[in-house]
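Data block below; observations after.
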Amino acid sequence: MTKLIYVTNVTLDGYIEDERGAFDFGPADAEVFRSHTDLLQSAGTFLYGRRLYETMAVWETDATLAAQSELMADFATAWQTANKVVYSTTLTAASTANTRVERHFDPTAVRELKAAAGSDITVGGANLASQAFKAGLVDECQLFVWPTVLGGGKPALPTDARADLELIDERRFGNGVVLLRYRPLGQ
């Protein structure tokens, strides 16, 4: 069954970015980067908010990234191959292939997308993920927890909705990052 998976990097105190909007938690090593790449390769569609999409679009618009290493080339290929849906009220056109822009998050349309998809769908961006949580669409959370405390910023998880989760897997990386996989209870 196709899953909608919320994927994010998060600090130990629960933030995806600091109060300035930066998300530079530390150097990602090859092991963590490979794990992100494997996840991208397993998904057929990425749901993004505008800001995260614009951050990620460089994997298609800047060929020098993929030229840096085989690992980065694999990531770029996985990102470029997938379909992307960007939710934005300000973006008028997408700068990448396989991308469409939607004005508003529509839970019914996402349910239909899940039903028709042949592979998993990821959702990225805290605001968009919050909407997916509220609509009961999130089947799994994959949180890459970084050993960093920011003390404030943008929360990774909804602050205005409750979700009871069950831990289904965990993985510790050599650089101190821990991948925690959860699913909502009752699924």
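Please treat every number below as a calculation from the coordinates, not as lab data. Here the structure is a predicted model, which is why all the values come from computation and not from measurement. In this analysis, Cβ positions are derived from the backbone assuming ideal geometry, glycine residues included, and neighbour counts consider all displayed protein chains.
Things to note:
- Inverse of mean 1/r across different Cα pairs in the chain, Kirkwood, Å: 17.0
- Mean residue ellipticity (222 nm) of the chain, computed from DSSP H runs ≥ 4 via -39,500 (n - 2.57), nearest 500: -8500 deg cm²/dmol
- Scanning residues 5 or more positions from V123 or on other chains, those with amide H under 5 Å from its amide H are I5, Y6, V7, L47, with H placed 1.01 Å from N in the peptide plane.
- Separation of segment 78-107 and segment 131-187, taken as the distance between their Cα centroids, equals 23 angstrom.
- Computed over the chain, relative contact order equals 34 percent, with contacts defined as Cα pairs under 8 Å that lie 6+ residues apart.
- Within the shell of other residues whose beta carbon sits under 14 angstrom from the beta carbon of W59, the net charge comes to -3, with Lys and Arg scored +1 and Asp and Glu -1.
- Sorted peptide list for 57-68, 135-146, criterion being average Cβ within 10 angstrom, highest first: 135-146, 57-68
- From phi via Karplus (6.51, -1.76, 1.60), per-residue ³J(HN,Hα) for segment 60-65 in Hz, x at Gly/Pro: 10, 8, 10, 5, 5, 5
- Net charge over other residues, Cβ less than 13 angstrom from the Cβ of S35 (K, R count +1; D, E count -1): -2
- Positive minus negative residues near S88 (Lys, Arg vs Asp, Glu; Cβ under 13 Å): +3
- Segment 154-167 - phi-based ³J(HN,Hα) in whole Hz, Karplus 6.51/-1.76/1.60, Gly and Pro as x: 8, x, 6, 10, x, 9, 10, 8, 9, 9, 8, 10, 10, 6
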